[in-house]
Amino acid sequence: MELQGADFELLVRYLHKTRGLDLNQYKPNYLRRRIGVRMRARGCPDYHSYLHLLRLQPEEFNHLIDDLTINVTEFFRDEDVFEELRRAVIPSLIRDRKDMGILNLRMWSAGCATGEEPYSLAMLVREALTREGGQESWNVRILATDLDEGALAKARKGRYEDVKLLDGMSCEDHFVRAGDCYQVREELARMVKFLRHDVANQPPLRHFDLILCRNVLIYFEKERQRKILESFCEVLRKGGMLVLGKSEAILFGEGLPLEPHQRRLRIYRRV
Ligand SMILES: C[S@@+](CC[C@H](N)C(=O)[O-])C[C@H]1O[C@@H](n2cnc3c(N)ncnc32)[C@H](O)[C@@H]1O
């Protein structure tokens, strides 16, 4: 089967147009394998028939996404995004709040899975505030939400077998060894609060400087994606930042009060 064949292109375009899923982010071999698994599971001999099936049974999209992304998370997933948060975004949010005389930061990791994402954010904020000095005077709250109670239970434990950090970071600053695992330090755990929340069906949490919603929107139909993005805009303060997953284009963003900070990294500013 030719990966770059016309039917494959049609399939890719269909997923992009209807769900905003940018499959070009994935390595061709990986894509071929994962889509192949779904095609075999559904008895589709080629891309054409799989596309037909997706059109008739949109719920198949969720199985495909499960196969492509579900529960895939790690510390500092997409390093270049977190490097940008570290270099520019977090320092500028801290400056903004200081200028307003409010030593308070509220952040939301929506669809946080097993917690690596909000803890990564917490590490960056801790580092930035340590550099600033006066860390004790700051009140930082990272709300981390997910639909999946099992994932949240693991996240609350804060115990991981594998930890990957950014250059120049020290594991001992943020974790203690617990047997074969790494336990998130108390200072970090205190910054993050885990809650069950359905981003597609519940009203959003409120008053944020930064929202991360990465590799979650791809699950939803475009109207739902649009509604979620609108709700994020409502609860982000002006100048606040929104970070989506690298495979998620804001396709349906016309008219939303967002401007790109770095389009390639899917980092946007609330205007
Ligand atoms: C692929 S993981 C992404 C984890 C993390 N954001 C990242 O990018 O590494 C997708 C997560 O979205 C969660 N999720 C799916 N539908 C959701 C919903 N309606 N509300 C909240 N979370 C949802 C899943 O449970 C899963 O943990």
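The numbers here are math on the coordinates, done by the rules we state, and not lab data. Predicted model, so just to flag it, every value in this text is computed and none were measured. Cβ placement follows ideal geometry from the backbone for every residue including glycine, while neighbour counts extend to all protein chains displayed.
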Magnitude of the Cβ-charge dipole (Lys and Arg +1, Asp and Glu -1) of the chain about the Cα centre, nearest 20 debye, reported as 460 debye
PRE zone check, label point 7 Å out along Cα-to-Cβ of residue 79, amide N under 18 Å, scope segment 104-131, hits 117, 120-121, 123-124
So for R0 = 41 Å, FRET eff. of residue 95-residue 196 from the Cβ-Cβ r, to 0.05, ends up at 0.75
Per the charge dipole of segment 15-132 (beta-carbon charges, Lys/Arg positive, Asp/Glu negative, Cα centre), the residue among 124, 85, 43 reaching farthest to the positive end is 43
Under the helix-only model (-39500 (n - 2.57) for each DSSP H run of 4 or more, divided by the residues of the chain), the mean residue ellipticity at 222 nm, to 500 deg cm²/dmol, is -12000 deg cm²/dmol
Expressed to one decimal in nm², the mean projection of the alpha carbon convex hull of segment 129-221 is 8.0 nm²
Label model pair residue 102, residue 59: point-to-point distance (7 angstrom along the Cα→beta-carbon line) in nm is 4.4 nm
In nanometres, the difference between 0.36 nm per residue of separation and the alpha-carbon distance of residue 172 and residue 30 is 47.7 nm
For the chain, the longest principal axis of the Cα atoms and the Cα long axis of helix 28-41 enclose an angle in degrees, to the nearest 10, of 60 degrees
By the Cα gyration tensor axes a ≥ b ≥ c (a/c under 1.5 gives rounded; else a/b larger than b/c gives prolate, otherwise oblate), the shape of segment 23-125 is prolate
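For residue 139 and residue 17 in the same chain, what is the full-extension length gain: residue separation times 0.36 nm, less their Cα-Cα distance, in nm? Walk me through the numbers on the way to the answer.
Details: separation 122, 0.36 × 122 = 43.92 nm, distance 4.13 nm.
Roughly 39.8 nm would be gained on extension.
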Percent of all Cα-Cα pairs per 10 Å bin for segment 214-271, counting from 0 up to the last occupied bin, reads 25, 62, 13
If R0 = 51 Å, then residue 206 and residue 180, at their Cβ-Cβ distance, give a FRET efficiency to the nearest 0.05 of 0.80
Using alpha-carbon positions, the gyration tensor of segment 6-68 gives root eigenvalues a ≥ b ≥ c; with a/c under 1.5 called rounded, otherwise prolate if a/b exceeds b/c, else oblate, the class is rounded
Square roots of five times the C-alpha gyration tensor eigenvalues of segment 141-185, ordered largest first and given in whole Å, equal 21, 14, 9
Lys pairs in the chain with Cα under 27 Å (8 or more apart in sequence, or on separate chains) total 23
Nearest 10, in degrees from 0 to 90: the angle of helix 222-235 to the longest Cα principal axis of the chain is 10 degrees
Treating only Lys and Arg (+1) and Asp and Glu (-1) as charged, each at its beta carbon, one finds that segment 6-68 has a dipole about its Cα centre, in Debye to the nearest 20, of 120 debye
Computed Rg/Rh for segment 79-270 (Cα atoms; Rh = Kirkwood radius) stands at 0.95
